[in-house]
Amino acid sequence: MALGLKLGRGAATPPFRVMDVIAAANAAERARPPGAPRILRLEVGQPGAGAPTGAREAAAAALRRQDTLGYTEALGRPSLRARIARHYAEHYGLTVSADRIAVTGGASGAFPLAFLACFDAGDRVALAAPYYPPYANTLAALGMTPVVIPCGPETRYQLTVAHLAALRPRPQGVVIASPANPAGTMLHPNELVELAEYCAAHGIRLISDEIYHGLTYGEVAATAAMHDGAVVVNSFSKYFCLTGWRVGWMVLPEPLVRPIERLAQNLTISASHIAQVAAEAAFDDGVELNAHVARYHRSRDRLLTALPKSWRAATPEGAFYLYVDLGPGTDSAAVAQYLLAHHGIAVAPGMDFDADRGHHYLRLSYAGAEDAMAEAATRLAGLGDTISLD
């Protein structure tokens, strides 16, 4: 037996606990007796719908043609990069050169590339709590220092210029998300402009997670792509329902294009060829995709109405999550276990999203099939105003 062998910093990366909830819900479903109520999946941020029709047909056609589905250019297929650039013109009225687009293996593949290109080991990168756990975990695994700033309902769980101005020493970077996971809140256009201008004036690299763009219930989300120096990360997983295809993109400042390309050449070679074919076609599936957004909106409203009165949740402006405050002194892990064991509802405890305050929060995803979300609302309403774990 070998002794004393070193483990790298990345070996200490914390788990993404929601994956454990997924495993527990899968086990509960396998053990469910015939005829027993189904397990309702509110733990995972994955659209209940599959890939849209045009995307599936494009991928199938590529297979029938026996295309050589090999490596693409490291920054992605030129036609997909051009189509993404066109999306910015059509959706945001913004001119973005296709040369500034980098196609990645999902947003999860984009963040390490962005962090490595923008920061060095030891650099400080600010983010709001609650936050998507892989931001902090990836930064730490790469030797950078996540600076977690507690944010509450008074700022809609979003960072402000005041938060950044109070930091000493000043961070080298900041990660924002709008709409955000888990809170579903957005940075409104004036707030995004203020943050971007502050970052530009103080030499802080702004990285904007925009993977829930398209999933909004009123105001259209603003993009940071118009701001010099900002790195925008987006994905085909959420609005476009291509979760398992693992394809996303970045909009890059021109000086970062070649560095990101070199990193991608070495770390990933390229995103999946057939996934890029499907992603390009998905842009033409807007009618089908917008119908899903309307369904999420209805499910959101049903669940908000059904929550026990002792639970508090802000109305999400986008994404497909409720971030529910159970109140001080509660144990969200125990509540999540109770809901799964006694009511067949799988939810995510909040410790993933906020190590200090998450023990009294739950995240509920309403991305699943509408009939399942309606049934979840009925079961939650049946809990009454409060719940007892006895």
Original post:
Of GLY122, PRO78, THR68, which is farthest along the charge dipole of the chain in the positive direction, counting Lys and Arg as +1 and Asp and Glu as -1 at C-beta?
Top reply: THR68
Subject >> Residue range of the chain that is longest and free of trypsin sites (Lys or Arg not before Pro) which are both DSSP loop and sparsely packed (at most 14 other C-beta within 10 Å) >> reply: 66-308
**OP:** With Cα extents along the principal axes in Å defined as stated, name the option among [x] 63, 56, 44; [y] 104, 69, 57; [z] 60, 58, 57 computed from the structure displayed.
**Re:** [z]
**OP:** Can you work out the accessible area per residue across the chain, with the rest of the protein chains kept in place, probe 1.4 Å, in square angstrom?
**Re:** 43 Å²
**OP:** Could you run the Karplus curve 6.51 cos²θ - 1.76 cosθ + 1.60 with θ = phi - 60° over the stretch 235-246 and give me ³J(HN,Hα) per residue in whole Hz, x for Gly and Pro?
**Re:** 7, 8, 6, 9, 4, 7, 6, 10, 3, x, 7, 6
**OP:** In whole Hz, with x marking every Gly and Pro, tabulate ³J(HN,Hα) for the stretch 266-271 from phi via Karplus 6.51 cos²θ - 1.76 cosθ + 1.60, θ = phi - 60°.
**Re:** 8, 9, 10, 6, 6, 6
Original post:
How long are the three semi-axes of the equivalent ellipsoid for the stretch 44-97, computed from the Cα gyration tensor as the root of 5 times each eigenvalue, in whole Å, largest first?
Top reply: 24, 19, 12
**OP:** Can you work out the PRE-style zone for THR53? Point 7 Å along Cα to Cβ, and I want the residues of the stretch 221-242 with backbone N under 18 Å.
**Re:** 240-242
Original post:
Over the chain, what percent of the accessible surface lies on carbon and sulfur atoms, probe 1.4 Å?
Top reply: 54 percent
**OP:** Output ³J(HN,Hα) for the stretch 34-40: one whole-Hz value per residue in order, computed from phi by the Karplus curve 6.51 cos²θ - 1.76 cosθ + 1.60 with θ = phi - 60°, and x for Gly and Pro.
**Re:** x, x, 6, x, 5, 7, 9
Original post:
Once amide H atoms are built 1.01 Å from N in the peptide plane, which residues 5 or more positions from ALA177, or in another chain, come under 5 Å H to H?
Top reply: ASP209
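The values are calculated or read from the model by the stated rules, or taken from the named source; none is laboratory data. Since the model is a prediction, treat every value here as computed from it, not as a measurement. Neighbour counts run over all protein chains shown; Cβ positions are idealised from the backbone, glycine included. We work out accessible area using only protein heavy atoms, side chains counted, and drop any ligands, DNA or RNA first. Shrake-Rupley method; radii C 1.70, N 1.55, O 1.52, S 1.80 Å.
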